[in-house]
Structure formats: C-alpha cells, structure tokens
Amino acid sequence: MANSSDTLFSKALRLSTLLAVAIALVGSLLGYLFYQLPGVFAALLGAGVSALFGIMTILSIWFGGKLSLNGFYALVLGGWLFKFLLFAGVLLALQNAEGFAGPVFFFAVVATVLGGLAIDSWLVLKGRVPTVGK
C-alpha cells in the first residue's frame with residue numbers, strides 16, 4: 001500500500017518528466033530558429049541531462065528514506081558525487097564539440113533545473129506528509 005510520501009515522490013517524478021519534455025520541445029524549436037540542428041541537439045541534451053539528474057535525486061531521496069540514516073546519507077551523497085562527476089564529464093566532452101550550440105544547452109539546463117526546483121518546492125509546500133510516525 002502506497003503512503004503519502006510515495007504519492008508525493010511519484011507526483012514529483014511525473015511532473016519533472018513532463019517539465020523536461022516541455023523544455024526539450026520549446027528549446028528545440030528555439031534552438032532550431034537560432035542555431036538550426038546544433039541548437040536542437042543542444043536543447044535535447046541539456047533538458048535530458050538535467051531531467052536525468054533531477055530524477056536521480058528524487059529517486060535517491062525516495063529510496064534513501066526507506067534506509068537507515070547512514071544508508072540515506074550514503075545514497076544521497078554518493079548520488080550527488082556521481083552526478084557531479086558525470087556532469088563534469090559531459091561538459092568536458094562537449095567543450096570542443098563541433099556543431100553544438102552551447103548557449104542553447106546552457107539555457108535548457110538552467111530552465112530544467114529552475115523548473116524542477118519550483119516543482120519540488122510547490123510539492124513540499126502543498127504536500128500533506130505527516131512528520132511524526134507511529
């Protein structure tokens with residue numbers, strides 16, 4: 001049986017995915033208008049990478065909440081370190097890439113991150129998850 005935190009996390013995953021799809025579509029359109037196909041590729045990559053990292057954060061907190069406190073910290077902080085290294089690798093790989101629109105990538109990442117923060121904040125403020133267990 002799902003509890004209220006499971007409902008909250010599944011709603012966060014659903015809304016974050018919808019946000020990433022919307023930003024990928026709008027970013028692809030704007031990227032194509034300004035940079036043609038390199039803009040489309042950059043918008044899709046920026047929205048996809050940011051969405052993946054946001055979803056990994058939601059899942060690590062969701063699953064970490066079912067572990068002991070040490071397990072929670074290990075999962076969340078380990079996930080953060082993994083995402084940091086992976087993002088650094090993505091940026092390094094794209095540093096001198098031909099046919100890639102860096103500004104479109106930047107704005108897609110920023111829009112997805114800020115939108116994800118807005119979704120998470122809204123869900124926390126509107127969520128009715130009890131803080132005291134049985």
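The values are calculated or read from the model by the stated rules, or taken from the named source; none is laboratory data. Values in this document were obtained by computation on a predicted structure and should not be read as measured data. Ideal geometry is used to build each Cβ from the backbone, glycine not excepted, and the neighbour counts take in all protein chains shown. The protein model used for the area step is the full one, side chains on, heavy atoms only, and it has no ligands, DNA or RNA in it. Shrake-Rupley method; radii C 1.70, N 1.55, O 1.52, S 1.80 Å.
Observations on the model:
- Number of the condition not met by Ser68 [criteria: (1) open to solvent by less than 60 Å² (accessible area, probe 1.4 Å); (2) over 20 Å from the mean Cα position of the chain (by Cα)]: (1)
- Members of segment 96-111 that are assigned to a loop (DSSP other than H, G, I, E, B) and either closer than 17 Å to Ala24 by Cβ or touching a residue at least 12 places away in the same chain (Cβ under 8 Å) (or both): Gly99, Phe100, Ala101
- Residues satisfying the stated conditions in segment 109-125, i.e. under 23 Å from Ala42 (Cα atoms) and either touching a Leu at 6+ places or on another chain (Cβ under 6 Å) or not hydrophobic (A, V, I, L, M, F, W, C) (or both): Thr112, Gly115, Gly116
- Scan segment 12-63 for residues that are open to solvent by 80 Å² or more (accessible area, probe 1.4 Å) and either under 14 Å from Asp120 (Cα atoms) or outside any helix (DSSP H, G or I) (or both) and the total you get is 3.
- Residues being in a helix (DSSP H, G or I) and charged (D, E, K, R) - total across segment 64-93: 1
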